[in-house]
Amino acid sequence: MYLKKLTLKNFRNYGDLSIEFSPEITFIVGNNGVGKSNIIEAISLTSTMRSFRNIPDIEMIQWGFESYYCSSEIEDSQDRLFEVGCSCQGGKLRKRIKIDGIEIRSISEFYGKFLTVVFAPFDINIINGMPELRRRFTDSVISKTNSHYLSDLSEFRKVLLSRNRFLKLLKEKKNLDMSELDVWDHMFASVSSRIIKARKKFFVELNDLFKNSYKGISDDLEAPDIHYASSIDSDEPDYIIRKLSEIRNKDSIIGSTGIGPQRDDFIIKNHRNINFVNYASQGQRRMAAICLKISECDFIESKTGTKAVIMVDDIFSELDSQRRKNMIKVLKRGNQIIFTMVHQNNADSSGFNASKTYHVSNGGILDELV
Amino acid sequence: MKNPSRYLDALTKELSRLPGIGPKSASRLAFHVLSMDGTEVERLARTLIEVKSHIFRCGVCGGISEGDICPICGDEMRERDVICVVRDPKDVLTIEATGGFHGRYHVLHGLISPLDGIGPDDLNIGSLVGRCRDGGIREIILALNPTVEGDATSLYLARLLSPGGITVTRIAHGLPVGSDLEFSDSATIARSIECRIRL
């Protein structure tokens, strides 16, 4: 699939913008702060319903206006037009999402239809940062290819919240019917089991893809492995119930659940079992983050048969020229690519048949460079 | 917009507390009441009060009743050994409208939901246990919504009642009758495959 046209109204610094993309490669060039990433942001919004930078809807509305609108027109896909509109009147936020003119009510009807992968400078936090960021990455990739996983996750969140609320009441020494906790344990175990199974399967496939892309892009001789680190040894519901009952006393003292998918993580290690973050340089970590994202593209393609739209948000400035070349080589895999960068001479578009370049200047003015 | 009268304002506020009524609809209804005949308004007010003063919870099932016991619990022709458990009195009407169930009901008046501060003790469960203990019950059918709260409540009741030798069943999850597989959401299809039956 590829993105043909993006239309924006009152979105961040763009009052009224319509931009057409090359099916192969498009460069969006401009100085810092002119709004290059806002274009990527709008595209990611029509793909996942939220900003890839986690910016709240209200802040994406252009200053002085009450609403924004973005739409993406897609080619080579069953669904053609993805629209997201949001208005804020009298402090009340309303968001409306449509696919081909039909309003969408639940995220699972929307997610995974217009497939995109964003490469951004802060991806390195997936490698360096808190486990929460790795879980978010994991969940978003699996959800893009598996809508059951998305509904399991939302069920899981509700069950976890309910169990934790019960534990908190218990902590406050309320007189409670403990057989209710048995029920929450049971429900927690059955939905956790489905999530852990899906994650296990995912990490086996991701690891192969990751090692492949790591070898292609880095000069290191040996590629590290991704290991799924679950807080539960088995994905069998009965086992999880047993574990929950073992830690029940501890859980009720703390007032929250000590094991489960909400505590999962993944660790990257080399063959000597040394943690990647302990030996890798900053540059190697950056490469590993890029490889993870490339594996995401490969994973999506292997599961859905669709090449996702790749967006690369200003990560070239942080790579040396050799790695830049390697990365372009690895990215040249038939997906549509949209780059934002400060200087175009950072990237070499030879080898692509069709390219477009836009120059963004202050005030959100876009000119196509021919 | 401020109402020209504090009486109108008070009525608008009361009406907007009803489910499905926003401030605009409430204001329209309030103006409508103002334009109504005096006798019509009195009749409406009387009906509102009568609904509350003449309807009680059935002493057996917890459903709505004008006496101590509701017509369904009092009906000698209905099967006495099957109880269908529902969340609200309104659900009784929904199932009755199908004409496909001939047993009696039990209304829980809610579902277990720690997030809303509702536990088993807040629900009409004690009297259900009592009905089962009194004997003569062969099967309990749980007809609760297929949500996290509905499933948790079903599981709780199944664990509570099954040890007494009563068969506890839950209504099926699956495709709506006459629907098209193509237009069903994937969660429903997945559930209906999980809950498939042998032919």
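The values are calculated or read from the model by the stated rules, or taken from the named source; none is laboratory data. These numbers come from a predicted model, not from an experiment. With ideal geometry, Cβ positions are generated from the backbone for all residues, glycine too; neighbour counts draw on all protein chains shown.
For residue B:69, indicate whether it is more than 30 Å from residue A:168 (Cβ to Cβ) and in the same structural domain as residue B:162 (by TED's automatic domain parsing).
When the stated conditions are applied, residue B:69 does not pass them.
If you go through region A:288-299 one residue at a time, do you hit one that is touching a Gly at 6+ places or on another chain (Cβ under 9 Å) and of a type in the set (A, V, I, L, M)?
Within region A:288-299, one or more residues are touching a Gly at 6+ places or on another chain (Cβ under 9 Å) and of a type in the set (A, V, I, L, M).
Failed condition for residue B:55, given (1) within 30 Å of residue B:144 (Cβ to Cβ); (2) exposed (fewer than 11 other Cβ atoms within 10 Å of the Cβ), with all others met?
All conditions pass for residue B:55, except number (2).
Checking residue B:25 against (1) part of a helix (DSSP H, G or I); (2) in the same structural domain as residue B:155 (by TED's automatic domain parsing); (3) of a type in the set (S, T, N, Q): exactly one of these is not met. Which one?
Failing condition for residue B:25: (2).
Pick from region A:302-327 the residues that are among the hydroxyl-bearing types (Ser, Thr, Tyr) and assigned to a helix (DSSP H, G or I): which of them is nearest to residue A:360 (Cα to Cα)?
Here the residue is A:317.
Would you pick out the residues in region A:237-293 that are of a type in the set (Phe, Trp, Tyr) and either under 21 Å from the mean Cα position of the chain (by Cα) or assigned to a loop (DSSP other than H, G, I, E, B) (or both)?
Of everything in region A:237-293, just one residue is of a type in the set (Phe, Trp, Tyr) and either under 21 Å from the mean Cα position of the chain (by Cα) or assigned to a loop (DSSP other than H, G, I, E, B) (or both), namely A:266.
Take the conditions crowded, with 18+ Cβ neighbours inside 10 Å and at pLDDT 95 or above and apply them to residue A:261. Does it pass?
Here the answer is yes, as residue A:261 does meet what is asked.
Select the helices (runs of 4 or more DSSP H) contained entirely in region A:124-212, then report the ones holding at least 3 residues which are surrounded by fewer than 21 Cβ atoms within 10 Å (Cβ to Cβ), within 12 Å of chain B (Cβ to nearest Cβ) and of a type outside the set (Phe, Trp, Tyr).
In region A:124-212, A:147-171 are the helices (runs of 4 or more DSSP H) which contain 3 or more residues that are surrounded by fewer than 21 Cβ atoms within 10 Å (Cβ to Cβ), within 12 Å of chain B (Cβ to nearest Cβ) and of a type outside the set (Phe, Trp, Tyr).
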